[in-house]
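What follows is a single structure, written as structure tokens, with notes after it.
The values are calculated or read from the model by the stated rules, or taken from the named source; none is laboratory data. Just so it is clear, the structure is predicted and the values come from calculations on it, not from any experiment. Neighbour counts are summed over all protein chains in view; Cβ atoms, including those assigned to glycine, are modelled from backbone coordinates with ideal geometry. Side chains included, ligands, DNA and RNA excluded: accessible areas come from the protein's heavy atoms. Shrake-Rupley method; radii C 1.70, N 1.55, O 1.52, S 1.80 Å.
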Amino acid sequence: MKGMPSMKRTDVMVNRIGKLEIPDSRQFDSRHLAPKESHETRIAFVQPRIPDGNYLPNLGIMYMASILIRAGYQVRVLDENIHGDVLGELVSFQPNAVGFTCVTAAVESSARLAQAIRQFLPNARIVFGGPHVTAVPVETLTRYGVVDFGIVGEGERSFLQFSDACVRDGSSEPEVLGSIPGLVWRKPDGEVVNNGPAPLLTNEELDTLPFPAWHLLPMEPIFKKATHGLFTKGKRIMPIMTARGCPHFCGFCCRIAGFDLREHSIPRVISEILWLVETYAIDELYFEDDTFTEKPDRAHAILDAIIELNLPIHVKFANGLRADRVDENLLGKMKLAGVYWVGFGIESGSPHTQKLMRKFLDLDQAAKNVRLAKRLGFKVGSNCIIGYPGETRQSIRESIRYFQHLELDSFAVVTCVPFPATTARQVCEENGWLTDRARNYENYWFEVFKVSPLIETPFLSADDLRRAILWVYIRFYFMNLKRFLTVMRLLLRKHVPSVLMGTDSAGTALSKALRERESSGRTGAPREDTRERNRTKALPYGQRPGDAQFDATGRTLEIRPGCIVCRACEAVAPRNFAVREGRWTAEVLKATPSSEEIQGVLRAVRICPEGVIGFRRIRVPDKVPTSSLPKPTPE
């Protein structure tokens, strides 16, 4: 692949699942891929905040970060949802280039932050990428003069070539800029040039990509904040994407990954899942494929492998499941694989609107599959778009009646958002159906309860849309007591803890007051630090015969097969050991190394005070005398 060095493949295998040989995750882990002779070029990525209530870290920039690490760059990733002072951290890092990933709703705020960056880092190159730039590349650079360059489509190839030529080597020659596929740039006279998208990565090229560079983010705050929708089971949720692209032609979709479906191999997918569990102790996996069920045989194979692994994780498909392309066999395997939630993108219950959208879903089969999923014990959700260009009051009533007969646990109703470069927007522009609010890109996100339409047609006024959506929510949630109580309970569980702990703006002052009170106590004297004492008391919990044995102080240890070691502090904990702070969940290989190898990894026998950031697999003997072990370092 031009501009992307091929990853050296190894023959090391850490597991075999049926006939699948699972490659060693170390060959994809960017923490181990930086070359010995790195250069000092610094590149930062920024994930902007959008106010839609959902949050998962962005896969795109994390793939880009891992590619650059492998090429020898110094990389930093900042997420406005997590980092408090993004501008200050950028100024401290002093990057040579700053890349933003921009959905339409985030492009305005990204431009404002870029303007501030320009004041403090005048020589840093500002680069925008993501769905919005891909949809309207020339408009983006024309409208936002602070943006120096744009990246169109998949960025792994384009951004690496740009970084090598323009950031590391400092070239700004038009001949060089014009040779980089996927780059949008300006000529000296100000004319914006779009080189066109780079060729999409093939299946083989996708399999050479490193895993996302999650180690560049503070994972514990992310785990506390990560959410998508009302229903979650895990507390350590991470996303994964097994394929890119979608062959369908839905008129409301930007489809920046192209129409061609390109896939990671199944061994590569399973290797990444194992890596996420072992490295970050995740307990819920969120699939972000646009269309996971497009190839049923592949979906079955992935689910078979997950079932064989028997991992202690929950699985959620909030999207990527076409409701007329599942059956009892596939749903049954999903249940065995730990899937608890399936989200079907039905979009409309009206055949007329389905044709306008060019979705062409078999609505009768979709309804049967929703009932089937409920019978198998899944939580089932769906969403409905109201106000698609050309939709009428009659088709809205027809759609609402359809959804009312489905046994859904969650139902999101939104107005149509006319994203740039979609068929919906083209129809609206041709007919003059965009409202004044549509001129501001910051309004381009899905507002569930606050209805502010961006489209108004002769068939449906903005007031019609507001009334229709309000009535749907009243009928679906407030006139069903069981569903209403469930949603209220989930909302309280989701938002009240964040207020009390200060993880949202409403709770910051309260959290600060509570911390000050805890630090001083009622009499003003310093409170005893009980964290280490509590960890020591928790150690005996969950021990089983054959596990590591701790005494009352946690100072003596007998290592046996099944122990695990924390990556952060190299502390040892028993197999399947679980405490509130440590979350020990992984296991090690059961083999017999020498006592010297054990001594090399044991530095202290305690639960990591910094929070577990992962596990290292070690091999342990049947028994090692406790006298041969190093004494724990005093805190």
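So the check is Cβ under 8 Å with 6+ separation or different chains; which pairs have a first residue in the stretch 71-88 that's touching a residue at least 12 places away in the same chain (Cβ under 8 Å) and β-branched (Val, Ile, Thr) and a second one that's open to solvent by less than 30 Å² (accessible area, probe 1.4 Å) and in a helix (DSSP H, G or I)?
Every condition considered, the pairs that remain are 75/65; 75/68; 75/69; 77/61; 77/62; 77/65; 82/222; 86/113.
Here are some conditions: (1) at pLDDT below 95; (2) outside any loop (DSSP other than H, G, I, E, B); (3) not polar (S, T, N, Q). Residue 364 meets all but one. Which one does it not meet?
(1)
Restricting to the stretch 301-338, and then to whatever is open to solvent by less than 30 Å² (accessible area, probe 1.4 Å) and not aliphatic (A, V, I, L, M), can you tell me which residue is modelled with the lowest pLDDT?
So, considering only residues that are open to solvent by less than 30 Å² (accessible area, probe 1.4 Å) and not aliphatic (A, V, I, L, M), the one modelled with the lowest pLDDT is 320.
Evaluate the following for residue 112: is it in contact with a strand residue (DSSP E or B) (Cβ under 6 Å, 6 or more places away or on another chain), open to solvent by 50 Å² or more (accessible area, probe 1.4 Å) and within 25 Å of residue 87 (Cα to Cα)? So that I can check it myself, show each step before the final result.
Numbers: in contact with a strand residue (DSSP E or B) (Cβ under 6 Å, 6 or more places away or on another chain): no; open to solvent by 50 Å² or more (accessible area, probe 1.4 Å): yes; within 25 Å of residue 87 (Cα to Cα): yes.
Here the answer is no, as residue 112 does not meet what is asked.
For residue 315, all conditions in the list (1) among the hydrophobic types (A, V, I, L, M, F, W, C); (2) under 28 Å from residue 251 (Cα atoms); (3) in a strand (DSSP E or B) hold save one; what is the number of the exception?
(2)
Residues being open to solvent by 50 Å² or more (accessible area, probe 1.4 Å) and either in contact (Cβ under 8 Å) with a residue 12 or more places away in the chain or in contact with a strand residue (DSSP E or B) (Cβ under 7 Å, 6 or more places away or on another chain) (or both): count how many of those fall in the stretch 395-422. Please lay out each step first, then the result.
So in the stretch 395-422, the residues open to solvent by 50 Å² or more (accessible area, probe 1.4 Å) come out as 397-398, 401, 404-405, 407, 421.
Going one step further and asking which of them are either in contact (Cβ under 8 Å) with a residue 12 or more places away in the chain or in contact with a strand residue (DSSP E or B) (Cβ under 7 Å, 6 or more places away or on another chain) (or both), we end up with 398, 401, 404-405, 407, 421.
So the count comes out to 6.
Search the stretch 440-456 for residues being over 24 Å from residue 110 (Cα atoms) and open to solvent by 20 Å² or more (accessible area, probe 1.4 Å), and hand back the single one that is nearest to the chain's Cα centre (by Cα). Walk me through it before giving the result.
Step one: filter the stretch 440-456 for residues over 24 Å from residue 110 (Cα atoms), giving 449, 451, 455-456.
Still in the list and also open to solvent by 20 Å² or more (accessible area, probe 1.4 Å): 449, 451, 456.
Values: 449: 24, 451: 27, 456: 33 Å.
Only one residue fits best here, namely 449.
Which of (1) out of contact with any helix residue (DSSP H, G or I) (no Cβ under 9 Å at 6 or more places or on another chain); (2) assigned to a helix (DSSP H, G or I); (3) more than 25 Å from residue 368 (Cα to Cα) does residue 297 not meet, given it meets every other one?
Condition (3) is where residue 297 drops out.
Here is a list of conditions, (1) in a helix (DSSP H, G or I); (2) modelled with pLDDT under 90; (3) loosely packed, with under 14 Cβ neighbours inside 10 Å, and residue 472 meets all of them except one; can you say which number that is?
(3)
Those residues that are touching a residue at least 40 places away in the same chain (Cβ under 8 Å) and buried (at least 22 other Cβ atoms within 10 Å of the Cβ), I need them from the stretch 367-381; list them, please.
Once the filter is applied, which keeps residues that are touching a residue at least 40 places away in the same chain (Cβ under 8 Å) and buried (at least 22 other Cβ atoms within 10 Å of the Cβ), the stretch 367-381 yields 369, 370, 373, 381.
In the stretch 348-360, what count of residues is obtained for those that are open to solvent by 20 Å² or more (accessible area, probe 1.4 Å) and outside any helix (DSSP H, G or I)? Explain how you work it out, then say what you get.
If we filter the stretch 348-360 for residues that are open to solvent by 20 Å² or more (accessible area, probe 1.4 Å), which is where we start, we get 351-352, 355-356, 358-360.
Filter once more, keeping what is outside any helix (DSSP H, G or I): 358-360.
So the count comes out to 3.
Being open to solvent by 30 Å² or more (accessible area, probe 1.4 Å) and in contact (Cβ under 8 Å) with a residue 24 or more places away in the chain narrows it down to one residue among 287, 252; which is it?
252
Those residues that are open to solvent by less than 10 Å² (accessible area, probe 1.4 Å) and part of a helix (DSSP H, G or I), I need them from the stretch 178-222; list them, please.
206, 214, 222
Go over the candidates 149, 128, 162, 120 one by one and state the one that is buried (at least 24 other Cβ atoms within 10 Å of the Cβ), touching a residue at least 12 places away in the same chain (Cβ under 8 Å) and within 30 Å of residue 221 (Cα to Cα).
Numbers: 149 fails: within 30 Å of residue 221 (Cα to Cα); 162 fails: within 30 Å of residue 221 (Cα to Cα); 120 fails: buried (at least 24 other Cβ atoms within 10 Å of the Cβ).
From the options 149, 128, 162, 120, the qualifying one is 128.
Is it the case that some residue within the stretch 168-182 is touching a residue at least 60 places away in the same chain (Cβ under 8 Å), in contact with a His (Cβ under 7 Å, 6 or more places away or on another chain) and either closer than 28 Å to residue 419 by Cβ or of a type outside the set (Phe, Trp, Tyr) (or both)?
Scanning the stretch 168-182 turns up at least one residue that is touching a residue at least 60 places away in the same chain (Cβ under 8 Å), in contact with a His (Cβ under 7 Å, 6 or more places away or on another chain) and either closer than 28 Å to residue 419 by Cβ or of a type outside the set (Phe, Trp, Tyr) (or both).
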